[in-house]
Structures are given as C-alpha cells and as structure tokens.
Amino acid sequence: MVHSKSECLVIAVVFTIALVLNLLLMGCAIPTEDRSVQAPILEHSVPVKIALFQDKSGSTGWTRTPQLTDSTLKIILDLVKERSGELAFGLLRDRSNKGLVRLRIDGRPAQPAKPTKTRRVYQDARAMGQYRKEEAEYDAALATWQADTDRRVAAFTSDLRPLLDQPSDSRCTSIWEAVARGDLYLSEDDASWPTKPAKWAIYVTDGIHNCGPGQTASLKSGAGLIVINGEAQTGSLGPLQPKVFESIESAFRYLQATEGGK
C-alpha cells in the first residue's frame with residue numbers, strides 16, 4: 001500500500017508522540033526493586049541506665065577511694081547522651097537511702113537517608129525534593145533535642161554540685177541501703193524505653209558496710225556491678241561478684257567501650 005505524503009507525515013507525528021510518551025512513562029515509573037527513596041537509617045542503640053554512688057565516709061582516705069570530678073563525670077554523661085538513657089546519683093554515707101538525683105536523655109532524632117540516583121530525571125528530582133524537606137525537619141528536631149539535652153544536663157550537674165562538695169566525714173557507711181536504693185531504681189518498669197536498657201550499678205567505695213547489721217542482697221534488676229577504690233577491695237559487695245577498678249576514669253572507659261559510646 002502506498003501512502004500519501006500527508007499520511008506519512010501523520011504516521012511520523014503519531015509515532016514520535018508515542019515514543020516521547022513511552023520515554024516519559026519510563027522516567028516516571030517507580031521500579032519495584034530499585035527505589036530512589038530509602039528507608040531512614042535509624043541508630044537502634046540500646047539505652048543505658050546507670051546508678052552511680054559516691055562514698056563520702058572517712059575511710060575513703062586510707063582506702064584511696066577516688067572522688068568524682070567534672071572531667072570523669074563528663075565521660076559518663078557523654079555515654080548517656082550518645083546512647084540515650086538515664087543516670088541516677090546518690091551518696092554513700094551513714095544514711096544512703098535518700099532520693100537519687102536523676103538525668104534522663106531520650107534518643108536523638110533519626111537522620112533521613114539521602115536518596116539513591118536512578119537516572120530517571122523526574123523521579124530523582126522528586127526524591128531529592130522530599131529528602132531536602134526531611135533534612136530541614138531533621139535539623140530543626142535535632143536543634144530542639146540538643147537544647148533540651150543541654151538544659152537537662154545543666155540542671156543535673158547543678159543539683160550534683162552540693163553533693164560532690166560534701167566532705168568525706170561520715171563515721172560509717174551504709175552500703176546495703178545504697179544497694180537497695182540503686183536496685184529499686186534499676187528495677188523500674190522499662191516500658192518508657194524503645195528497648196530494654198543495659199543496666200549498671202557503680203559504687204565508688206571500698207564496699208565495707210559498717211552501719212547496722214550486715215546482709216547479702218541480690219541485684220534483682222540483673223544490672224552489672226562495678227566497685228571502684230585504690231585498694232582493690234570489694235568489702236561487703238564481694239558476694240555479688242563485682243568488676244573492680246582502681247580509678248573512676250578506667251571504670252567509665254570500660255563502660256564506654258562495653259556499651260559502644262564514643
């Protein structure tokens with residue numbers, strides 16, 4: 001069959017339009033396997049929950065029990081900020097059952113993942129636009145989280161200062177009251193956390209209980225136990241099989257390495 005020039009022109013135009021539409025559809029189609037927008041990468045870190053007690057009895061001198069400083073405290077604060085979690089602080093004195101000073105830091109916002117290029121111009125442009133929107137929302141949420149975290153840490157350290165400044169002059173040490181108080185805190189229901197926290201009880205002390213009758217208690221919370229003093233003593237805490245460290249910094253660095261903080 002022989003077509004006229006006008007018919008050939010119409011056929012050519014129709015073919016061209018069909019080809020362009022086909023290319024556009026290919027560019028806009030969302031592939032089933034190669035998705036341009038990936039799921040956000042979430043840092044599913046396990047929160048860490050720590051009970052920390054500082055001995056303020058007269059025996060700290062001859063047992064070479066160290067005292068917390070701003071620099072050593074920063075190590076444990078950085079760990080809680082990195083992992084999220086909670087830190088509670090109390091004193092070991094003749095009465096060691098007073099309320100704990102507590103700091104809670106929730107997890108930081110998750111950063112959105114940058115989309116993978118598919119070489120489909122329109123699809124990539126839409127994905128990048130969505131990414132920029134999510135990135136702006138993330139920056140705002142991160143700034144809010146950082147401001148709230150800084151406020152919480154400042155309030156916590158302010159409440160801690162009078163306790164850390166107390167002299168080590170208690171005539172006896174009530175170890176078991178502190179153990180019971182710390183374990184009560186660590187045994188609280190974990191429903192408010194996305195996953196069950198890793199738990200630690202840290203006692204900067206020689207561990208000798210000499211206020212009232214002695215006893216042996218178990219840690220119902222299942223927390224790891226650390227004792228810190230310069231004589232490598234565990235005292236009354238020996239039956240609980242704690243890990244023993246000579247310095248606060250070395251204990252905190254161990255915890256940092258174990259729990260994966262920076």
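The values are calculated or read from the model by the stated rules, or taken from the named source; none is laboratory data. Computed from a prediction, not measured in an experiment: that's the story for all the values here. Virtual Cβ from ideal backbone geometry, glycine too; neighbours counted across all protein chains shown.
State all residues of segment 101-114 that are surrounded by 19 or more Cβ atoms within 10 Å (Cβ to Cβ) and over 21 Å from Thr144 (Cα atoms); if no residue qualifies, say none. Don't jump to the end; show me each part of the working.
Our first condition is that a residue be surrounded by 19 or more Cβ atoms within 10 Å (Cβ to Cβ); within segment 101-114, this holds for 101, 103, 105, 112.
Residue satisfying the conditions is Val101 alone.
Residue pairs whose Cβ atoms lie under 6 Å apart, sitting 6 or more positions apart in sequence or on different chains, and linking a residue in segment 227-247 that is free of Cβ contacts under 8 Å to residues at least 24 places away in the same chain and within 17 Å of Val179 (Cα to Cα) to a partner that is β-branched (Val, Ile, Thr) and surrounded by fewer than 15 Cβ atoms within 10 Å (Cβ to Cβ), are Pro239/Thr216.
Regarding Asn97, is this residue among the polar types (S, T, N, Q) and at pLDDT 55 or above? Yes, satisfied.
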